[in-house]
Amino acid sequence: MPRPEIDLFQKTFRTTPRAAASAPGRVNLIGEHTDYNGGPVLPIAIAQRTSAAIGPAATDEPGVLEAISTRDLSLVRLKWQEELPRSWAAYIGGVLRELWALDAISPDTSARVAVASDVPIGAGLSSSAALSVAAAKAFAPALTPRQIAGVAYRAEHDHVGVPCGMMDQTISALGKRDHALLFECASLHTAQIPFKARLLLVDTGKRHDLATGRLKERRAECDEAVQRLKVELPELVWLASWPAGWLPRLKRALPEPLRSRAVHVVSETARTRFAAELLQQKKLKQFGHLLYESHESCRRLYDCSSPELDTVVAAAKRAGAWGARLTGAGWGGAAIVLVGKSDKKTIPAIERAYKRAYGRVPPITEVNAATGARPERV
Ligand code: GLA
């Protein structure tokens, strides 16, 4: 097996790394924009991974991080306890700060890191969580998967300033082969649910660079909705905890666009829990139907789809696929399509429709539920 992160480490630093680890990207089956609202998500880890090889720095200077990636081959040098630069290496800086907070490394730690990845950036497959989780696992292999997820989440959220929820880091750390993870983001309860199905991933090629800004805007809208709904239900902490049976009351209490955002979150919460039950019972066609509903809710109420994603989902539906929806934050990125084992119509139908609309055929691959973060041999 080629090990590009080890080769890069050796070539760059002229020595061998001390440890290495890898972590996967993810696709979310259902439960979109529910994580930061205290609701459930149902992601799988995918085969694409990020690997990090690490070793001590050659300097006596404390708190230095030198990092290089196969993506651009330029060496980044930063002091991880000082202000972090706008660079991919800031994620690793955030990880080191959080490991220090847990006493898993000393504050003097100076390190070298080489990274290799086949998780595409900006496709909505969580390349950043794969990086943070792989780095945390390489530096602190003894931490539990939940601790690793927490370190990676706080690195991204608190130190890099990404307004994300906990889904991506959690599935990247806890993912299990052939299983989807039901993760309740308020109670932090998790359940592994067997997932063996034919799932296609369609990359629209439209990078969702805007997603961070839009995510921030949606989070602010959800927070405002909670503040207003507290008048009706003072004990409300999470938007997702609003009772689904009380939707008429919620609609009366909120003006647009808060009403649409909140209806999405509350109905997506119920839909995701129902979807997890259907998956448990292996009722894949009914499960697929909920994927279509989820996409429609993301498009119409949460306003986080894009014309490219809608083209894919509509073509899949016309071709008779069991289900399809955007995955991840939205506003571009990738869509997932659930099809029967012998389905031969859906892929060509999506290719034709996409080509007609955008003049090119989008990459379509099959994805399976893969394993989460793991140490790698050096
Ligand atoms: C991004 C965030 C996740 C989640 C999704 C939307 O991927 O990183 O935490 O909020 O958007 O479901």
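Coordinate-derived values only; no laboratory data. Every value quoted in this text rests on a predicted model; they were computed, and no experiment measured them. Counting neighbours? That spans all protein chains shown, and the Cβs are built from the backbone with ideal geometry, glycine included.
Working ranking of peptides 24-31, 148-155, 366-373 by packing, defined as the average number of other Cβ atoms within 10 Å per residue, highest first, is 24-31, 148-155, 366-373. FRET efficiency for the pair residue 374 and residue 283, taken as 1/(1 + (r/R0)^6) with r the Cβ-Cβ distance and R0 = 41 Å, rounds to 0.80. Here residue 230 is the anchor, and the lysines within straight C-alpha reach of less than 22 Å, apart from those fewer than 8 places off in the same chain, are 216, 251. Rounded to the nearest 10 degrees, the inclination of helix 211-229 to the longest alpha-carbon principal axis of the chain is 60 degrees.
The mean sequence distance of close C-alpha pairs (under 8 Å, at least 6 residues apart), as a share of the length of the range 173-271, puts its relative contact order at 20 percent. Relative to the current alpha-carbon distance between residue 189 and residue 300, full extension at 0.36 nm per residue lengthens the span by 37.0 nm. Each of 159, 189, 208 has some number of other Cβ atoms within 10 Å of its Cβ, and from fewest to most they run 189, 159, 208. Across the range 91-200, the mean sequence separation of Cα contacts (distance under 8 Å, 6 or more residues apart), normalised by length, yields a relative contact order of 25 percent. Remark: spin-label model distance residue 212-residue 158 equals 1.9 nm, labels positioned 7 Å along the Cα→Cβ axis.
Radius of gyration over Kirkwood radius for the range 224-378, both on Cα atoms: the Rg/Rh ratio is 1.05.
Could you give the dipole magnitude of the chain about its Cα centre, charging the beta-carbon of Lys and Arg +1 and that of Asp and Glu -1, in debye to the nearest 20?
Details: 51 positive and 39 negative charges, 311 e Å.
In debye, rounded to 20, the chain gives about 1500.
Of all the options 303, 178, 343, the one that moves most in a Gaussian network model of the chain with Cα springs shorter than 10 angstrom is 343.
Length gained on full extension, residue 360 to residue 142, computed as 0.36 nm times the residue gap minus the Cα-Cα distance: 73.8 nm. The string of couplings for the range 321-332 from the Karplus curve (6.51, -1.76, 1.60, θ = phi - 60°) is 4, 5, x, 7, 6, 5, 9, x, 4, x, 6, x Hz, one whole number per residue in order, with x for Gly and Pro.
What the Cβ-Cβ distance of residue 121 and residue 249 gives, at R0 = 35 Å and to the nearest 0.05, is a FRET efficiency of 0.25.
Ordering 100-111, 36-47 by mean Cβ neighbour count within 10 Å, with the highest value first, yields 36-47, 100-111.
Principal axis extents of the Cα atoms in the chain, from largest to smallest and rounded to whole angstrom, are 63, 52, 37. Model label sites at residue 177 and residue 74, defined 7 Å from Cα along the beta-carbon direction, differ in position by 4.0 nm.
Here is how the number arises for the chain: DSSP H runs of 4 or more residues each give -39500 (n - 2.57), the sum is divided by the residue count, and the result at 222 nm is -12000 deg cm²/dmol. Less than 18 Å apart at the alpha-carbon level, and either on another chain or at least 8 residues along: which lysines does that give for residue 285? Candidates past the 8-residue exclusion: 196, 317, 341, 344, 345. Given axes a ≥ b ≥ c from the Cα gyration tensor, I'd like to know whether the range 1-147 is rounded (a/c under 1.5), prolate (a/b larger than b/c) or oblate. Taking the square roots of the gyration eigenvalues as a ≥ b ≥ c, the range 1-147 is prolate.
Would you please put 70-80, 221-231 in order of how densely packed they are, using the mean number of other Cβ atoms within 10 angstrom per residue and starting with the highest? Walk me through the numbers on the way to the answer.
Details: 70-80: 14.5, 221-231: 17.1.
Most protected by this proxy first, the peptides run 221-231, 70-80.
Multiplying the sequence separation of residue 83 and residue 101 by 0.36 nm and subtracting their Cα-Cα distance, what value in nm do you get? List each step's numbers first, then the result.
Details: separation 18, 0.36 × 18 = 6.48 nm, distance 1.65 nm.
Once the chain is fully extended between residue 83 and residue 101, it gains 4.8 nm.
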